[in-house]
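The values are calculated or read from the model by the stated rules, or taken from the named source; none is laboratory data. If you're wondering where the values come from, they're calculated on a predicted model, not measured in any experiment. Quick reminder, even Gly has a Cβ in these numbers, built from the backbone with ideal geometry, and neighbours come from all protein chains shown. Surface areas here come from the heavy atoms of the whole protein model, side chains and all, with no ligands, DNA or RNA. Shrake-Rupley method; radii C 1.70, N 1.55, O 1.52, S 1.80 Å.
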Amino acid sequence: MGIMASCHVDHYLYRIPPMSSSAASALPAGRKKHRNLAQGVVEDINGRIRQSLLKPGDKLPTESAIMEQYGVSRTVVREAISHLQASGAVQTRHGIGTFVLERPQGSLGIDTDSIVTVRDVLAILELRISMETEAAWLAASRRTAQQAAELREALAEMGRALAAGGASVEADVRFHALVAEATGNRYFVEMLGQLGTALIPRARLNTPAQEAERPLDYLERVNREHEDIYSAIQRQDPEAARAAMRTHLSNSRERLRQTQQRLEASLG
């Protein structure tokens, strides 16, 4: 039985004006609906890359220029760039700019649209446990001061969302993508980028609502697990980072397993 996500994401309308970069010619006019502001920016830039309006090696406009062109905040722009980095579409060279990358020829062959049941997400979590525990180890070994700061900001965004009574799936995805980036290994980034929001169980399933505990308690526990991962990476303790990531993902798997049992019991 498929369970659709109940996590609320605001829709919006916006008009995309032309980008000033010579590599970015006029954007298509019209108003489009997107799940959220950052995703709207990501979808448009990805569309321009697919249409070869942005080519490998082209430099994206500055954050300020993108803010003005899309009518969004700096936080939204950074989130969008983080998604593009995680998917392997662009690479940011600190102090220089963000550049379009050559698209990889192959793919993992994972159809994320088919990840809709508890069993599907459990299978993805098994994959993630094997992959992301080693990513955390490498991230703690190789992370830069800037990457540690970006992880801290993603963690802070999750905390602000929790304090406001909600959950930030986008910040959660960004946190895991940043861990992958801190490995210095682009293949971790590409693999996690292809999974996208399938990384986060509550992005596909109504996980907090299915939990035996209160949703707020659930989210607080998840955030504490992220804090443990960040703390280990920040102090450059690879073994602790690996253990913290394994604990987090194993706990997620166990929470989902219990959810599945409750659902099957309720169905008789």
| Residue match in segment 165-177 (condition: small (Gly, Ala, Ser), open to solvent by 40 Å² or more (accessible area, probe 1.4 Å) and at pLDDT 90 or above) | no
| query | Here are some residues: 214, 152. Which one is over 21 Å from residue 87 (Cβ atoms), at pLDDT 90 or above and among the charged types (D, E, K, R)? | reply | 152
| field | residue 93 being out of contact with any Leu (no Cβ under 9 Å at 6 or more places or on another chain), of a type in the set (Lys, Arg), modelled with pLDDT under 85 and open to solvent by 70 Å² or more (accessible area, probe 1.4 Å) | value | no
| remark: Within segment 96-111, the residues that are over 24 Å from residue 145 (Cβ atoms), modelled with pLDDT of 80 or more and open to solvent by 90 Å² or more (accessible area, probe 1.4 Å) are 102
| Residue under evaluation residue 6, criteria (1) at pLDDT below 50; (2) open to solvent by less than 60 Å² (accessible area, probe 1.4 Å); (3) among the hydroxyl-bearing types (Ser, Thr, Tyr), criterion not met | (2)
| task | Check segment 181-189 and report whether any residue there is open to solvent by less than 50 Å² (accessible area, probe 1.4 Å), of a type outside the set (Val, Ile, Thr) and closer than 20 Å to residue 235 by Cβ. | result | yes
| request: State whether the residues of segment 64-86 include one that is out of contact with any Phe, Trp or Tyr (no Cβ under 6 Å at 6 or more places or on another chain), outside any helix (DSSP H, G or I), at pLDDT 80 or above and within 20 Å of residue 181 (Cβ to Cβ). | output: no
| query | Which ones in segment 225-267 are charged (D, E, K, R) and within 16 Å of residue 134 (Cα to Cα)? | reply | 228, 237, 239, 242, 246
